[in-house]
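Colleague: Handing you this structure, nothing more for now.
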Amino acid sequence: MRHVIVTMSRGDEHRLRDWVAYHTSLGFDEIIILLDNPIDSSLEILEEIGRESSASIVVEVLEKDGPYFDGMDSRERWAAINQWKKKHANDIAESGLPIVDPLSMRQYKNLPGVLSKLADEGPAGWVAVIDVDEYLVLPGGTTIGELTVNAKKPRLRFLNFNFDMSEWDGRSCVRNFTRRWTFEDIQAYGKGWQNRVKSLVRFDRSVPLISVHAISRGPFEVLPPQDYRLHHYKFPLQGIPISYNHDDKTISEPLNAPRKEKQ
């Protein structure tokens, strides 16, 4: 049974080694990375990781496609994104997809082809679409294979917990930042955040792609967040008024098998 991660990445050279090492330690045996018009040394780093890793590291370099808003501060970027959305409002509406910016448009353009190839293999494995700033968390010692072999549904969902990254220097290991949201605070805030997930889906159920969060429509199971969850080390400041009230050192360095931690 294969277990695959698919992602798009740009400007993540300082995150890649730890992110790949961590997820291969969980039992993922293939990572497919689409480099989105790369601007750093990510390709060279991934080639080096591929020579050292027990997992298969598959890299595809994408050409420039649309605006990227490099070098803008958060205020300028939001203004540029809003202008872009107005300009492309008809295309977004016709797509029926949750496109919110040029990056997500590129995701929905490029990811379906990758997922379709996996879907053609039938129920031969499971795939997750997660970003390089996201880490799946399992109970201590559990592998991804042990999770899927007992799965009762073809779609498993990990609830999202954002972390306080305000002091990140852009280079240090993100797993050393341990202040995150609690589920109670997410529920109290609402506005859809209480249902925000990333998914692990059986190959044959992974298309058509409806969102990078659910992946596809159909029966699913939301995993209990005290055991299974998504750690989201997003940067820069996230602008979401939920406090970071829980200290979660479950997967902080050194790299160990994730241990079970009660919420």
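The values are calculated or read from the model by the stated rules, or taken from the named source; none is laboratory data. Quantities reported herein were computed from a predicted structural model and do not represent experimental measurements. Please note: Cβ atoms are built from the backbone with ideal geometry, for glycine as well, and neighbour counts cover all protein chains shown.
Colleague: I'd like the residue in the range 155-212 that is among the aliphatic types (A, V, I, L, M) and in a helix (DSSP H, G or I) and, out of all such residues, is farthest from residue 112 (Cα to Cα).
Modeller: Per the criteria, the residue is 188.
Colleague: Pick out the one residue from 134, 167, 121 that is surrounded by fewer than 15 Cβ atoms within 10 Å (Cβ to Cβ) and farther than 14 Å from residue 206 by Cβ.
Modeller: 167
Colleague: Could I ask something else about it? Within the set of pairs 6 or more residues apart or between chains, which connect a residue that is under 13 Å from residue 15 (Cβ atoms) inside the range 172-188 to a residue that is part of a helix (DSSP H, G or I) and at pLDDT 95 or above with Cβ atoms less than 6 Å apart?
Modeller: Hits for this filter: 173/18.
Colleague: With 198, 152 as the choices, which residue is touching a Phe, Trp or Tyr at 6+ places or on another chain (Cβ under 9 Å) and not hydroxyl-bearing (Ser, Thr, Tyr)?
Modeller: The match here is 198.
Colleague: Given the range 1-91, what helices (runs of 4 or more DSSP H) lie entirely inside it while holding 1 or more residues that are touching a Leu at 6+ places or on another chain (Cβ under 7 Å) and hydrophobic (A, V, I, L, M, F, W, C)?
Modeller: Ranges flagged: 16-25, 42-52.
Colleague: Does residue 148 satisfy the criteria of being within 30 Å of residue 1 (Cα to Cα) and assigned to a helix (DSSP H, G or I)?
Modeller: For residue 148, the condition - within 30 Å of residue 1 (Cα to Cα) and assigned to a helix (DSSP H, G or I) - is met.
Colleague: Still on this structure: On the given criteria, is residue 10 of a type in the set (Lys, Arg) and touching a helix residue (DSSP H, G or I) at 6+ places or on another chain (Cβ under 9 Å)?
Modeller: yes
Colleague: Assess whether residue 217 counts as being modelled with pLDDT of 95 or more and assigned to a loop (DSSP other than H, G, I, E, B).
Modeller: yes
Colleague: Can you say whether residue 126 is surrounded by 15 or more Cβ atoms within 10 Å (Cβ to Cβ) and over 20 Å from residue 232 (Cβ atoms), as far as the supplied structure shows?
Modeller: yes
Colleague: For residue 100, are the conditions met, namely being within 17 Å of residue 32 (Cα to Cα), out of contact with any Cys (no Cβ under 6 Å at 6 or more places or on another chain) and among the β-branched types (Val, Ile, Thr)?
Modeller: Here the answer is no, as residue 100 does not meet what is asked.
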